[in-house]
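*Asks:* This is the structure I have questions about; it appears just below.
The values are calculated or read from the model by the stated rules, or taken from the named source; none is laboratory data. Here the structure is a predicted model, which is why all the values come from computation and not from measurement. For neighbour counting, all protein chains shown are included, and Cβ atoms are generated from backbone atoms with ideal geometry for every residue, glycine included.
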Amino acid sequence: MPLLDEPLLPAVSFAETTKETNPMSTIKVGQENSQPIEIYYEDHGCGSPVVLIHGWPLNGDAWEKQTAALLAAGHRVITYDRRGFGRSSKPGVGYNYDTFAADLDALLSALDLTGVSLVGHSMGTGEITRYIGKYGTGRLHKAVLIGTLGPYLVKAPDNPEGVDPSVFDGIRASLRDDRPATVMEFLKNFYSVGGADGKRVSERVLEANWVVAIGASPIGTVACIDAWIEDFRKDIARNDLPTLIIHGDDDRILPAEVTSRRQAKLLKDVKSIEIDGGSHGIPWTHAEEINDELVKFLS
């Protein structure tokens, strides 16, 4: 027989309990045929808001070390998965920075965020730069660019410092030919395996990253290569925010001389830091140093 004549707590459905306690959710940002296009996000903590925008080909979980540090420092921390990656929808369209910026704007608007700081890594820096170019800085407080794409990555007549277009043609071809192998080789360069930073990364980290990456949209994974080589120079001119740039001097994905050093010269209010021996994957390999700089800058 029951110990109590009446239940200790009123009966509630599982949906009702998770509605208030589960910090994970989605927002709709578009429609493709019969399916909605939804962006998955997580929203934790309280205090001044910070949105963390991940790099290719990962998802919002890549920020696990920064999320913990920023929550401990008293921030509200929002991460999200770019369309085509992680737990967001994987449509066949929309893999360009105008659309990525619109997705970010939809998230900021849905959560009614103001005074928000945007922190991007790698491809995530493009969302920040294009968002500012399209929507301005009215909602924003500060910007942080880690392993940035820079002003304009591809070589062109008016951009002789860029990378030869054949490099990006090769990446596209390799992904179409053997995406699993190409992604693993990319991740080895991501962490500069064989260099100083490569010693800071275990095989399990590479495997975990690979599992996330191979679960991304095959269409989106390839289509994002075209986004990498978009021209951000006009967008950068609209950035009037205090901006922190952090880059590794052994970045084998986005070398500093092509990206961060050039971008820093175009910004009005910028602090630029280069990490000695740092790979492209410095949010993981140099998490303590990154976190210290983030907390100081965003306070």
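*Asks:* Which number in (1) of a type in the set (Gly, Ala, Ser); (2) surrounded by fewer than 14 Cβ atoms within 10 Å (Cβ to Cβ); (3) not in a helix (DSSP H, G or I) marks the one condition that residue 173 misses?
*Replies:* (3)
*Asks:* Then there's this: For segment 50-97, name all the residues that are surrounded by fewer than 19 Cβ atoms within 10 Å (Cβ to Cβ), closer than 20 Å to residue 29 by Cα and not charged (D, E, K, R).
*Replies:* Listed by number, the residues that qualify are 92, 93, 96.
*Asks:* Pick out the one residue from 242, 180 that is surrounded by fewer than 16 Cβ atoms within 10 Å (Cβ to Cβ) and of a type outside the set (Asp, Glu).
*Replies:* None of the others qualify; the one that does is 180.
*Asks:* Go through segment 142-157 and count every residue that is surrounded by fewer than 17 Cβ atoms within 10 Å (Cβ to Cβ) and either closer than 27 Å to residue 51 by Cβ or out of contact with any helix residue (DSSP H, G or I) (no Cβ under 9 Å at 6 or more places or on another chain) (or both).
*Replies:* Residues in segment 142-157 being surrounded by fewer than 17 Cβ atoms within 10 Å (Cβ to Cβ) and either closer than 27 Å to residue 51 by Cβ or out of contact with any helix residue (DSSP H, G or I) (no Cβ under 9 Å at 6 or more places or on another chain) (or both): 1 in total.
*Asks:* So residue 299 passes all but one of these: (1) modelled with pLDDT of 95 or more; (2) among the hydroxyl-bearing types (Ser, Thr, Tyr); (3) over 19 Å from residue 239 (Cβ atoms). Which condition number does it fail?
*Replies:* Only one criterion is unmet by residue 299, namely (1).
*Asks:* In segment 227-277, how many residues are part of a loop (DSSP other than H, G, I, E, B), in contact with a Leu (Cβ under 7 Å, 6 or more places away or on another chain), of a type outside the set (A, V, I, L, M, F, W, C) and within 15 Å of residue 133 (Cα to Cα)?
*Replies:* Number of matching residues: 1.
*Asks:* Next question, about the same structure. What tally of residues in segment 207-225 results from selecting those that are over 23 Å from residue 256 (Cβ atoms), within 19 Å of the chain's Cα centre (by Cα) and either polar (S, T, N, Q) or assigned to a helix (DSSP H, G or I) (or both)?
*Replies:* So the count comes out to 13.
*Asks:* So which pairs qualify, if the first residue must be in segment 119-143 and over 15 Å from residue 242 (Cα atoms), the second must be assigned to a strand (DSSP E or B), the Cβ gap must be under 7 Å, and the two must be at least 6 apart or on different chains?
*Replies:* 121/146; 124/53; 127/53; 127/120
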